[in-house]
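What follows is a single structure, written as structure tokens, with notes after it.
The values are calculated or read from the model by the stated rules, or taken from the named source; none is laboratory data. Computed from a predicted structure; not experimentally measured. Counting neighbours? That spans all protein chains shown, and the Cβs are built from the backbone with ideal geometry, glycine included.
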Amino acid sequence: MNLFLEKKERKNKIMKTRAEKIRYKLKKISDRMRLSVFKSNSHIYAQIIDDKKGFTLASSSSLDNKIKEKKLNRKELAEKIGSEIAKKSISKGIKEVAFDRGKYRYHGLIKILAEAARKEGLNF
């Protein structure tokens, strides 16, 4: 039991460190708005955030009624959320963002969401 807790604590520390490094690099290098992605076991969230003002300018998630009505699998859901967040941000005049993948690696659902947003015209 003790080994399990130690392994989990190490993994959490690695993921937290990864998220901090990515966010630090984004804020240091870029002055663009930030496209932040979060996923839980059952839902996926994406937000366009203005770090200078501290506001969320656009958001999209699997909890939106428009997306929730359609019975989609996780990959289709990530693709739909990526295209929705891109459409919302472009309609507000934001075409270039910095992609903040947080504690997640760039593969799977995160990659699908990012590629769908790029396909809709969002640059990062």
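Inside the stretch 37-91, can you point out the residues that are among the hydroxyl-bearing types (S, T, Y) and touching a strand residue (DSSP E or B) at 6+ places or on another chain (Cβ under 6 Å)? Across the stretch 37-91, the qualifying residues are Y45, T56, S59, S60, S61, S62, S89. Being within 18 Å of A114 (Cβ to Cβ) and of a type outside the set (G, A, S) is the filter; apply it to the stretch 58-72 and report the residue that is farthest from the chain's Cα centre (by Cα). Selected residue: L72.
Against the condition surrounded by 17 or more Cβ atoms within 10 Å (Cβ to Cβ), free of Cβ contacts under 8 Å to residues at least 60 places away in the same chain and assigned to a helix (DSSP H, G or I), how does L77 come out, does it pass?
Working: surrounded by 17 or more Cβ atoms within 10 Å (Cβ to Cβ): yes; free of Cβ contacts under 8 Å to residues at least 60 places away in the same chain: yes; assigned to a helix (DSSP H, G or I): yes.
Considered against the rule, which asks whether it is surrounded by 17 or more Cβ atoms within 10 Å (Cβ to Cβ), free of Cβ contacts under 8 Å to residues at least 60 places away in the same chain and assigned to a helix (DSSP H, G or I), L77 comes out as yes.
The single residue among Y45, Y24, Y106 that is touching a Phe, Trp or Tyr at 6+ places or on another chain (Cβ under 8 Å), free of Cβ contacts under 8 Å to residues at least 40 places away in the same chain and under 25 Å from K11 (Cα atoms) turns out to be Y45.
A residue that is at pLDDT 95 or above and either aromatic (F, W, Y) or assigned to a strand (DSSP E or B) (or both) occurs somewhere in the stretch 60-67.
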